[in-house]
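Structure first, commentary second.
Just so you know, all these numbers are worked out from the coordinates, no wet-lab data involved. All figures in this text were calculated on a predicted structure; none of them were measured in a lab. Quick reminder, even Gly has a Cβ in these numbers, built from the backbone with ideal geometry, and neighbours come from all protein chains shown.
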Amino acid sequence: MRRKKAGIIKHQTPIISGDEKPIVKAIIQEKAKENEAIFIDATTLSTPYETDLKGKYQRKNQRVVLALVEALRGQKISISEESVKAGLLNVQQNTNFLGRWFEFSQHPLTICDTGHNQAGLEEVFAQLNEMPQFKHIVLGFVNDKKIDEVLRILPPNAQYYFVKPSIHRGRHPQDYENLLQEANISYQIFDEVNKGYNAARQHCRENEMIFIGGSNFVIGDFLEKNLERKK
């Protein structure tokens, strides 16, 4: 899979990598060399600027952005420091980008994140584990998701609400309930995202929090039903 993704590298076109894994970095460097492409390692850069994207993993993405800016400057494209700072501080406003560690509400604290592959979920759950509140976690997946791998990294100290995304590829939690039982977690099952969210809200006490994630389609369903209502 890593080699297939590295196949997008084009001849003599600079490639910027933000992946910290040595094996991934080595594959990309190898492909870059084959294509006579300059390899730029973004992981070595510092991140001195603030951004309105709050997930800790966004620091990695910010390094890639800064490396890209430097590469474009090297091609005589003028980008000021003021533009970089303003852009990073106003990503959501400028792009209407929602869903990555998006704070939907403060009362109760409700966070959405579209991280859905294993690496993305590991980053998201690690940040959740740093938060002291008891958590009500609404999760849903599509058919190709390896549920057993996700269940191994679920945050402890949480009540779970497994939901079915409305997309035709959305997987009903009943299909993998045997895995939920084996995981020895406290959970409920719902056939719609909003039903799971409403149950989480009902059970969420003061000083507890809600997290919604597992799939882009889960966040899409949730925001479609609730974003306008919030406004």
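So here's what we get for this one:
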quantity	calculated
Relative compactness, the stretch 102-230, computed as alpha-carbon Rg over 2.2 N^0.38 Å	0.95
Most mobile listed residue (PRO22, PRO165, PRO156) in the chain, GNM with C-alpha springs under 10 Å	PRO22
GNM flexibility winner over the chain from LYS54, LYS76, LYS85 (Cα, springs under 10 Å)	LYS76
Helix-only mean residue ellipticity at 222 nm for the chain, each DSSP H run of n ≥ 4 adding -39500 (n - 2.57), per residue, nearest 500	-12500 deg cm²/dmol
Under the Karplus curve 6.51 cos²θ - 1.76 cosθ + 1.60, θ = phi - 60°, whole-Hz ³J(HN,Hα) for the stretch 215-223, x wherever Gly or Pro sits	6, 4, 6, 5, 5, x, 4, 5, 5
Protection proxy ranking of 217-225, 87-95 - average other beta-carbon atoms within 10 Å, highest first	217-225, 87-95
The stretch 2-95, Cα convex hull volume normalised per residue, Å³	113
Calculated from backbone phi, Karplus (6.51, -1.76, 1.60) coupling profile of the stretch 68-73 in Hz, x at Gly/Pro	5, 4, 5, 5, 5, 4
Estimated dipole of the chain in Debye, rounded to 20 [Cβ of Lys and Arg +1, of Asp and Glu -1, Cα centre]	440
Per residue Cα convex hull volume in Å³ - calculated over the chain	148
Charge dipole magnitude, Cβ of K and R +1, D and E -1 - the stretch 102-230, Cα centre, debye nearest 20	280
Exposure proxy ranking, count of Cβ atoms within 10 Å, fewest first, for SER83, SER78, SER17, SER215	SER78, SER83, SER17, SER215
Neighbour-count order for CYS112, CYS204, fewest beta carbons within 10 angstrom listed first	CYS204, CYS112
